Amino acid sequence: MPNPTPPTNGDETESLKRCIKRSSHLWDEMQKQPSQFRVLTGERTTGALHIGHYFSSLKSRVKLQGWSVEMFLILADYQAITDRKSTESLKSSIKDIILDYLAVGIDPQKATIFCHSMVPSLNQLLLPFLSVVSMSELQRNPTVKDEIALLGTRSVSGLMMTYPVHQAADILYCKGNVVPGGKDQLPHVELTRSIARRINNDYFHGEPFFPEPELLLGDGPILLGLDGRKMGKSLNNSIQIKMSADETAQLIKKAKTDSNKTITYDPVQRPEVANLLMMYSLCTGADPAAIANQIGSQGSSVLKKELTEVINDYFQPMRERRKRYEQDGSFVWEILKQGNIKANQIADKTLNDLRAAMHMQYY
Ligand code: TRP
């Protein structure tokens, strides 16, 4: 199978266009020379992962793992509290995500799984990094602006404004040079590149102490939620990897369609139906337009019935594997502990080297 070219919708900015082009080359380079790359990616710990995560990112992580690319996965618990006060669900979210990782085939012997709150030296990198970033850079980050808009009238935390710099620390502490993620991560990766360049210039005579990482776009299309909105962990509109076959059926039954009885594949005019066809296509490899043709006048009830079956078939082995891992309560925490130990060793070394370069080793 050829490596992916990410889907486009024709209104990309220049830097996104460059990134899309570069991304498909990167995929090829990583396959040919896996040892040249260190991948860092991860997620906010806001809940269990859904099939949108699977097709847009988890699946490609397993592919990179298969090529023996070194991989670090951050469970960004401090980033989970940029827009909320409660921390009660962090622990169960972390457990869910690690179980999801195991279910989809991420191997903790190969990938380092760690979290923000247990790696102090990573967090300390935030301070020198903040010193090379301007307020206006923080204020014009388009992804942060979108997230602030979602807050409505709620106040904006300082952590919300600075988390992209924290994310630069996530990536640079281990000198990650490839960051798999969606388009929304591009401003953060560009900021990370600027920080790396500035620190290298200011404290390392322009030598590449930090790499300038690149965003690696995934191959999957972005799935919508079952209500037609963006699929979100906290929006209750997604099929989670861990759901049972029955829960999946219930959710798909309630999925939004439209008043046209015949099934056609028309992503512009009929986004909700097209989204269901896309899920069908991802699970079976069949072309979405061909699936639409085949179902045609049998309408949305047949589409939903078949979609339920193909999704449940596709995820059944992963769900079974997840169940087996769930039974051993301490396994997940042992994985996190080992990952944190390794992350701490690397972060301590990076921070020490940087402090030495900054004339901050006093005795
Ligand atoms: N911002 C990412 C998200 O919202 C999560 C994340 C935190 C991340 N740190 C990262 C992703 C570093 C890539 C690299 O999903």
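First measure r as the distance between the Cβ atoms of Y363 and K261, then evaluate 1/(1 + (r/R0)^6) with R0 = 56 Å and state the FRET efficiency to the nearest 0.05.
With R0 = 56 Å, the Cβ-Cβ based efficiency is 0.10.
Which distance in nm do the two modelled labels at T13 and D227 give, with both placed 7 Å along the Cα-to-Cβ direction?
2.9
Quick one: pull the percent of accessible area on segment 13-55 belonging to carbon and sulfur, 1.4 Å probe, ligands and nucleic acids left out.
Numbers: 930 of 1990 Å².
That share works out to 47 percent.
Please say if the chain is rounded, prolate or oblate, where rounded means a/c under 1.5 for a ≥ b ≥ c the square roots of the C-alpha gyration tensor eigenvalues, and otherwise the choice is prolate for a/b larger than b/c and oblate otherwise?
Verdict is prolate for the chain.
For segment 233-326, what class follows from the C-alpha gyration tensor (a ≥ b ≥ c being the square roots of its eigenvalues): rounded when a/c is under 1.5, otherwise prolate if a/b is larger than b/c, else oblate?
Prolate, since a/c reaches 1.5 and a/b exceeds b/c.
GNM on the chain, C-alpha springs below 10 Å: top fluctuator among R197, R319, R270?
R270
Pick out, from N344, Q31, I252, the residue whose Cα sits farthest towards the positive end of the charge dipole of the chain, with +1 on the Cβ of Lys and Arg and -1 on the Cβ of Asp and Glu.
I252
Going by accessible area, probe 1.4 Å, with all protein chains left in place, what is the ranking of F209, F72, largest first?
So, going from the largest accessible area down, we get F209, F72.
Rank D77, D313, D328 by mean-square fluctuation in a GNM of the chain with C-alpha springs under 10 angstrom and give only the top-ranked residue.
Residue with maximal mean-square fluctuation among D77, D313, D328: D328.
So, with a 1.4 angstrom probe, what is the percent of accessible area on segment 233-326 that is carbon and sulfur? Show your work: numbers first, answer last.
Details: 2420 of 5080 Å².
Result for segment 233-326: 48 percent of the exposed heavy-atom area is carbon or sulfur.
What number, rounded to the nearest 500 deg cm²/dmol, is the helix-based mean residue ellipticity at 222 nm of the chain, given -39500 (n - 2.57) per DSSP H run of at least four residues and division by all its residues?
Rounded to the nearest 500, the figure is -16500 deg cm²/dmol.
Mean Kyte-Doolittle of at least -1.0 and a Cα length of 30 Å or more along the axis: which whole DSSP H helices of the chain meet both? Before the final figure, lay out each step's value.
Numbers: long enough: 299-326 (39 Å, -1.28); 331-357 (40 Å, -0.26).
Span-like helices in the chain: 331-357.
Please get the size of the charge dipole for segment 233-326, origin at its Cα centre, with Cβ charges of +1 on Lys and Arg and -1 on Asp and Glu, quoted in debye to the nearest 20.
Using Cβ point charges on Lys, Arg, Asp and Glu, segment 233-326 gives about 360 debye.
Counting only heavy atoms of the protein chains, get the accessible area per residue of segment 149-204 (1.4 Å probe) and round it to a whole Å² value.
38
Label segment 1-111 by shape, choosing from rounded, prolate and oblate, from the square roots a ≥ b ≥ c of the eigenvalues of the Cα gyration tensor; if a/c is under 1.5 it is rounded, and otherwise prolate applies when a/b is larger than b/c, oblate when it is not.
oblate
How much accessible area per residue does segment 233-326 have, in Å², with a 1.4 Å probe? Provide the component values of the computation, followed by the final result.
Values: 5080 Å² over 94 residues.
Here the residues of segment 233-326 average 54 Å² of exposed surface.
The values are calculated or read from the model by the stated rules, or taken from the named source; none is laboratory data. Only a predicted model underlies this, so the values are computations on that prediction, with no experimental measurement involved. With ideal geometry, Cβ positions are generated from the backbone for all residues, glycine too; neighbour counts draw on all protein chains shown. The area values use the complete protein model at the heavy-atom level, side chains included, leaving out ligands, DNA and RNA. Shrake-Rupley method; radii C 1.70, N 1.55, O 1.52, S 1.80 Å.
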